[in-house]
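Novice: Let me begin by handing over the structure; questions about it come next.
Every read-out reported here was derived from the displayed coordinates using simple, explicitly stated rules and does not represent laboratory data. Every value quoted in this text rests on a predicted model; they were computed, and no experiment measured them. When we count neighbours, we look across all protein chains shown, and the Cβ atoms used for this are built from the backbone with ideal geometry, even at glycine.
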Amino acid sequence: MNLHTLKPAAGSTHRDGKRLGRGNSSGKGGTSTKGNKGAQSRAGHNERRGSEGGQMPLHRRLPKRGFKNINRVSYKVLNLDQLDSIAERYQLTEISPETLYVTGLINRTDLIKILGKGELKTKLSFRVNAISDTAKAAIETLGGTIEII
């Protein structure tokens, strides 16, 4: 071990960046690199998000469009032909939120609506949140059961 090979342990030292306000001879004293006077040089200055320094901000230049309906009920839509292939692939006899969640097809909080596109070939029982009239008729002709949750 020689004096010229000594180093501090890894991670024990770090550079703090600029040392501000430590006298004029440091080069960063006086105004501490903040310029002279004005809001930006004072304590507590925080510019609003999206501020463009006097130019009209983008979110005020663009027009307002549309609205978000807070009463909207959003369903995960499944058609009869999709359900037929799902039941075949996963050997299901019942289509419900729990069985579809276990198979990974929906999230836990999703609402399910069955639509009548395609053709159902197997007899299935359904526990769903909504169903169309054509889908209901197709399921009942095969002898399937429907329960609205």
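Novice: Cross-link candidates for residue 136: which lysines have Cα within less than 16 Å, leaving aside residues fewer than 8 places away along the same chain?
Specialist: Within reach: 113, 117, 121, 123.
Novice: Can you give the relative contact order of the range 75-148 as a percent, counting alpha carbon pairs under 8 Å and 6+ residues apart?
Specialist: Averaging sequence separation for qualifying contacts and normalising by length gives 33 percent for the range 75-148.
Novice: May I pose another question? Could you give the distance between the Cα centres of the range 1-30 and the range 79-117, to the whole Å?
Specialist: Spelled out, the Cα-based centre of one part sits 63 Å from the other.
Novice: Counting only C-alpha contacts under 8 Å and six or more residues apart, can you give the relative contact order of the chain as a whole percent?
Specialist: 15
Novice: Next up: What does the helix-only formula give at 222 nm for the chain: each DSSP H stretch with n ≥ 4 adding -39500 (n - 2.57), the total divided by the residues, and the result rounded to the nearest 500 deg cm²/dmol?
Specialist: Dividing the helical sum by the residues of the chain leaves -5500 deg cm²/dmol.
Novice: Using label points projected 7 Å from each Cα along Cα→Cβ, tell me how many nm separate residue 2 and residue 22, to one decimal.
Specialist: Those two pseudo-labels are separated by 3.2 nm.
Novice: Order the peptides 8-19, 95-106 from the highest to the lowest mean number of other Cβ atoms within 10 Å of their residues.
Specialist: Descending mean neighbour count gives 95-106, 8-19.
Novice: So who's got an amide H within less than 5 Å of the one on residue 110, skipping anything under 5 residues away but keeping other chains? H placed 1.01 Å off N, in plane.
Specialist: none
Novice: Using mean Cβ contacts within 10 Å as the protection proxy, how do 45-56, 121-132, 68-79 order, highest first?
Specialist: Values: 45-56: 8.1, 121-132: 16.2, 68-79: 10.3.
Per-residue Cβ counts within 10 Å, averaged per peptide and sorted highest first, yield 121-132, 68-79, 45-56.
Novice: Now a separate question. Ratio of Rg to Rh for the chain, alpha carbon only, Kirkwood?
Specialist: Ratio of gyration radius to Kirkwood radius: 1.45.
Novice: So for each of 27-39, 135-147 I average, over its residues, the number of other beta carbons within 10 Å; can you give me the resulting order with the highest mean first?
Specialist: Numbers: 27-39: 11.4, 135-147: 14.5.
Final packing ranking: 135-147, 27-39.
Novice: Taking amide H positions as placed in the peptide plane 1.01 Å from N, state which residues far from residue 79 in sequence (5 or more) or on other chains have amide H under 5 Å from it.
Specialist: It is 115, by chain and number.
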